[in-house]
Ligand SMILES: [Zn+2]
């Protein structure tokens, strides 16, 4: 209940004049996982409807960034794609010091991305981790084209980086060849999201244990670059990925 009240205060602050924001920010505490997710979901709906507020982008926020603890403010760690189609602070209608953003081509999670997630979860104490895929993903398209033999062989580093995504594309092309290309692309994008979540939970005991203990909430979604809206995926799939990663970690 306390979190809800404080989060309401936080949202109210975004609508007020600077002086009022200052007073409210002074007494604000960091929202918990559910309120953090609600704030980001509501920000995304504002962005998608064109009613964005552009909060936390003023000189007051800059002054706070220069003087206050980042961990007292950051709501979420977000792993998303480097594509220009996915500007995180814009699509969530947030600003400075709101999310610990990790952007990797194809939202692939390898050791360096896992390290950045661990920093967000353990040092910045973000109560929420979001994995965000998106439609029209360049990495997924490249992998599908490659799997279908429609493109030149991938360059060396692209080939290494996208290895698992290419495997997912190979499987979809093999098993679902009758589908429309855009349907295959959607399947690859979602399969890639779950694979990267499972990989993160497998290679990062810190993140896995935080998720198991429920001190960290994990939310996954697919951002539609045309509508600006995020399709939030079922939490049961997140739970399944956590269970698989836990079993695999015990076998290692
Ligand atoms: Zn992408």
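Read-outs: derived from the displayed coordinates by stated rules, not from any lab. Note that the structure is predicted; figures quoted are calculated from it, not measured. Note that each Cβ is placed from the backbone with ideal geometry, even for glycine, and that neighbours are counted across all protein chains shown.
Using the structure shown, decide if residue 188 is in contact (Cβ under 8 Å) with a residue 40 or more places away in the chain and not in a helix (DSSP H, G or I). When the stated conditions are applied, residue 188 does not pass them. Once segment 53-84 is narrowed to residues that are under 14 Å from the mean Cα position of the chain (by Cα) and within 13 Å of the ligand (Cβ to nearest atom), the residue that is farthest from residue 211 (Cα to Cα) is 83. Here is the figure for segment 191-227: residues that are in a loop (DSSP other than H, G, I, E, B) and touching a helix residue (DSSP H, G or I) at 6+ places or on another chain (Cβ under 7 Å) total 3. Restricting attention to segment 96-112, the residues being closer than 17 Å to residue 126 by Cβ, within 14 Å of the ligand (Cβ to nearest atom) and part of a loop (DSSP other than H, G, I, E, B) number 1. One residue stands out among those in segment 85-95 that are in a helix (DSSP H, G or I) and within 16 Å of the ligand (Cβ to nearest atom): the one that is farthest from residue 165 (Cα to Cα), which is 90. For segment 122-169, a residue qualifies if it is touching a residue at least 60 places away in the same chain (Cβ under 8 Å), within 22 Å of residue 230 (Cβ to Cβ) and either part of a helix (DSSP H, G or I) or within 13 Å of the ligand (Cβ to nearest atom) (or both), and the qualifying residues are 131, 132, 133, 134, 135, 136.
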